[in-house]
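See below for the structure under consideration.
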């Protein structure tokens, strides 16, 4: 729903850049404005990814700004604009919608970030962060439980069955480390912290062996599923700061 309030895009971008400290991150996606639309904003739609479905939803809601965690441009991709990328960009430009994305700064933020918001959703106690660019979060459960019970709780809360790699699903867990999305490369650092379990979104082949040989449970709970909460938290903060309405587009993604 459109609002009578209008806020300049520049003001919103400046506030986000400062609050998320985007200049301090080395990222492989541009943080901030990726595609320019209307200069003034009255309504925001947020989503995990700038997919065609998210863009179409933003259009249906007459949004001026699509706020995402996974934007349109990545250093590893070809620079040509064809096919699906052309269609997404064309749709945004035709409807004068701003595309704004925040990647690693949103993962790491200690108030609105994916990691702390995932912990809040699952009821974990946050104790600190570390690793490269502070992307590895660590903490504990409020009380010990088995790996099997932890996996069941994660699956029920995120509405997606996790993949568990573990020698003994009945072993006790209390200390945790986690990194939302594709954080499987942090598993060894989590092991070094002495945790009982590590939770992330995705898994690669080496993690199977590390889990079995270290005795530390590895839980892959879904890239999309673990990153649905940071972007909503950021959108809510922008809404409070500038008195703008927002909506969240939650797209089914089993990955």
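The values are calculated or read from the model by the stated rules, or taken from the named source; none is laboratory data. These numbers were taken from a predicted model, which means no experiment stands behind them. Glycine also receives a Cβ, built like all others from the backbone with ideal geometry; neighbour counts cover every protein chain displayed.
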Subset of the range 216-238 that is in a helix (DSSP H, G or I) and more than 13 Å from the chain's Cα centre (by Cα) - its residue that is nearest to residue 8 (Cα to Cα): 238
Residues of the range 69-92 satisfying the condition of being more than 19 Å from residue 249 (Cβ to Cβ) and touching a strand residue (DSSP E or B) at 6+ places or on another chain (Cβ under 7 Å): 73
Some residue of the range 192-203 being surrounded by fewer than 15 Cβ atoms within 10 Å (Cβ to Cβ), farther than 30 Å from residue 63 by Cβ and out of contact with any helix residue (DSSP H, G or I) (no Cβ under 9 Å at 6 or more places or on another chain): yes
Counted residues, the range 16-27 - those being surrounded by 19 or more Cβ atoms within 10 Å (Cβ to Cβ) and either free of Cβ contacts under 8 Å to residues at least 40 places away in the same chain or part of a helix (DSSP H, G or I) (or both): 2
Filter result (crowded, with 24+ Cβ neighbours inside 10 Å and more than 21 Å from the chain's Cα centre (by Cα)) within the range 28-62: 41
Those helices (runs of 4 or more DSSP H) lying entirely in the range 35-122 with at least 2 residues under 30 Å from residue 136 (Cα atoms): 104-108, 114-122
Selection status of residue 159, touching a residue at least 60 places away in the same chain (Cβ under 8 Å) and either farther than 26 Å from residue 217 by Cα or loosely packed, with under 14 Cβ neighbours inside 10 Å (or both): yes
Hey, residue 230 within 18 Å of residue 117 (Cβ to Cβ) and either buried (at least 20 other Cβ atoms within 10 Å of the Cβ) or in the same structural domain as residue 20 (by TED's automatic domain parsing) (or both) or not: yes
Breaking point among (1) surrounded by 14 or more Cβ atoms within 10 Å (Cβ to Cβ); (2) in contact with a strand residue (DSSP E or B) (Cβ under 8 Å, 6 or more places away or on another chain); (3) free of Cβ contacts under 8 Å to residues at least 40 places away in the same chain, for residue 65: (3)
Odd one out for residue 241 among (1) touching a residue at least 24 places away in the same chain (Cβ under 8 Å); (2) closer than 29 Å to residue 62 by Cβ; (3) within 19 Å of the chain's Cα centre (by Cα): (3)
Criterion (modelled with pLDDT of 95 or more and out of contact with any helix residue (DSSP H, G or I) (no Cβ under 9 Å at 6 or more places or on another chain)) met by exactly one of 71, 32, 37: 71
